[in-house]
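Engineer: Can you read through this structure? Questions will come right after.
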Amino acid sequence: MQLRTIPPAEYARLVLPLSEKLWKGRRSVETYISQTLEVARGAYGARYYRTIGLYDGESLCASCKRYERTIRVSAQRLRTFGLGAVFTPEALRGRGYASAMIAMMLDAARGSYDAAFLFSDIRPSFYEELGFRLQASRTITLRADTLVRSRIEIARLEERDWTGVRRCFGLRDRTRDWSFARTPLIWDWVRMRLRHGSEHVRGAEANFVVRERGAVRAYVLGMRVPELDTYVVDEFAFADERNAHQVPALLRGAAGDLRRIAGWLPPDGARTLLPRGIVRERRDAIFMIAPLNQNGKRWCALSERPSQSDGVWATDHV
């Protein structure tokens, strides 16, 4: 048994036609394949993303996607990688191939990486048996009319606004105990995935900003889903405490005539801007960490501390 990198074109030919029912969402098979190839061939993908296979001789027995990410814990940088789209062809299931693949990847990473992570859609217990630990993974739902109105002018996010979005995110990011670090390549990857709409099974992308003298002072990334009467929030941030008070009005404006606002429970510094709402455990995309050394254990311990907020934005999902 051997781990090998699967070239993007080969992954598209061997795996994607089999896995599309699980992960293509609302996309056509053709779009699902072309967007997966676009990620692999983009600037971030060429450097930090791989598709990995477990081979028995020349037979592909299991596969997954591997994303390298840096975790900031205070002033320290941790080297980590995320796993996604773990897949075994139906005829080969039940033989332990996926378990063997993940165990081999974790073993190969010891000494070079601090931790691995993933977002489990089914059977978190499967990953717990391999050394992954459950982290808080919750959603929040609000009635839009519980958010205060204020006289702010919101606008659709434009190409020229992304520099300001990155600045707002960076200013808030500094105040957190830990976070997924975002380099320019990571931002390119986030923007590509937002454009693909691959994280949502329905809705239309609807991103908004508050500008002052042409500069972005607050923003929200999300989707309008009229059939659910909901604006789904992926992420928001603001420049300073004065602009923090504009966030509820920004979210209400983004929702427009939709009755509800929903999304993953925001991290520290953002959760306090929202009313109590209805908070529930997520049934999918459950965040899990596998520490590989003492630095990884420290990150895991920080993430596991009881809190009224979660550790990740929906835009961190892999």
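The values are calculated or read from the model by the stated rules, or taken from the named source; none is laboratory data. Fair warning: this is a prediction, and the values are worked out from it, not measured in the lab. Because the Cβ atoms are built from the backbone with ideal geometry, glycine has one as well, and the counts that use them run over all protein chains shown.
Engineer: Going through 225, 190 one at a time, which residue ends up being of a type in the set (Val, Ile, Thr) and in contact with a helix residue (DSSP H, G or I) (Cβ under 6 Å, 6 or more places away or on another chain)?
Structural biologist: 190
Engineer: Output the qualifying pairs, or none if there are none: Cβ atoms under 9 angstrom, residues six or more apart or on different chains, first residue in region 179-198 and closer than 16 Å to residue 33 by Cα, second residue of a type in the set (A, V, I, L, M, F, W, C) and modelled with pLDDT under 95.
Structural biologist: 197/204; 198/23
Engineer: Do we have residue 144 as within 30 Å of residue 259 (Cα to Cα), surrounded by 15 or more Cβ atoms within 10 Å (Cβ to Cβ) and not aromatic (Phe, Trp, Tyr) here?
Structural biologist: yes
Engineer: Which members of region 58-83 meet the condition of being in contact (Cβ under 8 Å) with a residue 40 or more places away in the chain and not in a strand (DSSP E or B)?
Structural biologist: Of everything in region 58-83, just one residue is in contact (Cβ under 8 Å) with a residue 40 or more places away in the chain and not in a strand (DSSP E or B), namely 74.
Engineer: Can you confirm whether residue 122 is modelled with pLDDT of 95 or more, aliphatic (A, V, I, L, M) and in the same structural domain as residue 305 (by TED's automatic domain parsing)?
Structural biologist: Here the answer is no, as residue 122 does not meet what is asked.
Engineer: Looking at (1) at pLDDT below 95; (2) touching a Cys at 6+ places or on another chain (Cβ under 6 Å); (3) not acidic (Asp, Glu), can you tell me which one residue 283 breaks?
Structural biologist: (2)
Engineer: Could you list, in sequence order, all residues of region 263-307 that are in the same structural domain as residue 106 (by TED's automatic domain parsing), within 19 Å of residue 237 (Cβ to Cβ) and part of a helix (DSSP H, G or I)?
Structural biologist: Matches in region 263-307: none.
Engineer: Any residue in region 222-233 that is within 15 Å of residue 142 (Cα to Cα) sitting within a Cβ distance under 6 Å of a residue that is modelled with pLDDT of 95 or more and exposed (fewer than 15 other Cβ atoms within 10 Å of the Cβ)? List the pairs, counting only those 6 or more apart or interchain.
Structural biologist: Between residues of region 222-233 that are within 15 Å of residue 142 (Cα to Cα) and residues that are modelled with pLDDT of 95 or more and exposed (fewer than 15 other Cβ atoms within 10 Å of the Cβ), the close pairs are 229/259.
Engineer: Can I ask one more? Can you name the residue in region 6-27 that is exposed (fewer than 13 other Cβ atoms within 10 Å of the Cβ) and at pLDDT below 95 and is also nearest to residue 101 (Cα to Cα) among such residues?
Structural biologist: For region 6-27, the residue satisfying everything is 22.
Engineer: When only residues in region 221-253 that are in contact with a Lys or Arg (Cβ under 6 Å, 6 or more places away or on another chain) and among the polar types (S, T, N, Q) count, which is nearest to residue 271 (Cα to Cα)?
Structural biologist: 243
Engineer: Could you give me the residue pairs with C-beta distances under 8 Å whose first residue belongs to region 275-300 and is farther than 19 Å from residue 102 by Cβ and among the small types (Gly, Ala, Ser), whose second residue is modelled with pLDDT under 95 and loosely packed, with under 13 Cβ neighbours inside 10 Å wherever it lies, and which are 6+ apart or on separate chains?
Structural biologist: Matching pairs, first to second residue: none at all.
Engineer: Still on this model: Could you tell me whether any residue of region 159-173 is more than 28 Å from residue 271 (Cβ to Cβ) and out of contact with any strand residue (DSSP E or B) (no Cβ under 7 Å at 6 or more places or on another chain)?
Structural biologist: If we filter region 159-173 for residues that are more than 28 Å from residue 271 (Cβ to Cβ), which is where we start, we get 159-160.
Within this subset, residues satisfying the condition of being out of contact with any strand residue (DSSP E or B) (no Cβ under 7 Å at 6 or more places or on another chain) are 159-160.
Yes: one or more hits.
Engineer: Next question. Just give me the residues in region 276-300 being of a type in the set (A, V, I, L, M, F, W, C) and surrounded by 12 or more Cβ atoms within 10 Å (Cβ to Cβ), in sequence order.
Structural biologist: 279, 285, 286, 287, 288, 289, 290, 292, 299, 300
Engineer: Here's a check for you: in region 250-265, which residue that is touching a Leu at 6+ places or on another chain (Cβ under 8 Å) and charged (D, E, K, R) is surrounded by the fewest Cβ atoms within 10 Å (Cβ to Cβ)?
Structural biologist: Looking at the filtered set, the residue picked out is 260.
Engineer: Separate question: Within the set of pairs 6 or more residues apart or between chains, which connect a residue that is assigned to a helix (DSSP H, G or I) inside region 84-104 to a residue that is crowded, with 16+ Cβ neighbours inside 10 Å and not hydrophobic (A, V, I, L, M, F, W, C) with Cβ atoms less than 7 Å apart?
Structural biologist: From region 84-104, the pairs are 97/88; 98/88.
Engineer: While we're on this one: Tally the residues that are over 21 Å from the mean Cα position of the chain (by Cα) and either among the hydrophobic types (A, V, I, L, M, F, W, C) or under 23 Å from residue 47 (Cβ atoms) (or both), restricting the search to region 66-104. Write out each step before concluding.
Structural biologist: Step one: list which residues in region 66-104 are over 21 Å from the mean Cα position of the chain (by Cα), which gives 75-76, 88-101, 103-104.
If we keep only those that are either among the hydrophobic types (A, V, I, L, M, F, W, C) or under 23 Å from residue 47 (Cβ atoms) (or both) as well, we get 75-76, 91-92, 98, 100-101, 103-104.
Within region 66-104, residues that are over 21 Å from the mean Cα position of the chain (by Cα) and either among the hydrophobic types (A, V, I, L, M, F, W, C) or under 23 Å from residue 47 (Cβ atoms) (or both) number 9.
Here is a yes/no grid of residues against (1) β-branched (Val, Ile, Thr); (2) more than 16 Å from residue 221 (Cβ to Cβ); (3) touching a Ser or Thr at 6+ places or on another chain (Cβ under 7 Å):
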| residue | (1), (2), (3) |
| --- | --- |
| 268 | no, yes, yes |
| 275 | no, yes, yes |
| 278 | yes, yes, yes |
| 283 | no, yes, no |
| 287 | no, yes, yes |
| 291 | no, yes, no |
| 294 | no, yes, no |
| 305 | no, yes, no |
| 315 | yes, no, no |
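Engineer: Name the residue, out of 312, 247, 318, that is modelled with pLDDT under 95 and buried (at least 18 other Cβ atoms within 10 Å of the Cβ).
Structural biologist: Sole residue among the options that is modelled with pLDDT under 95 and buried (at least 18 other Cβ atoms within 10 Å of the Cβ): 318.
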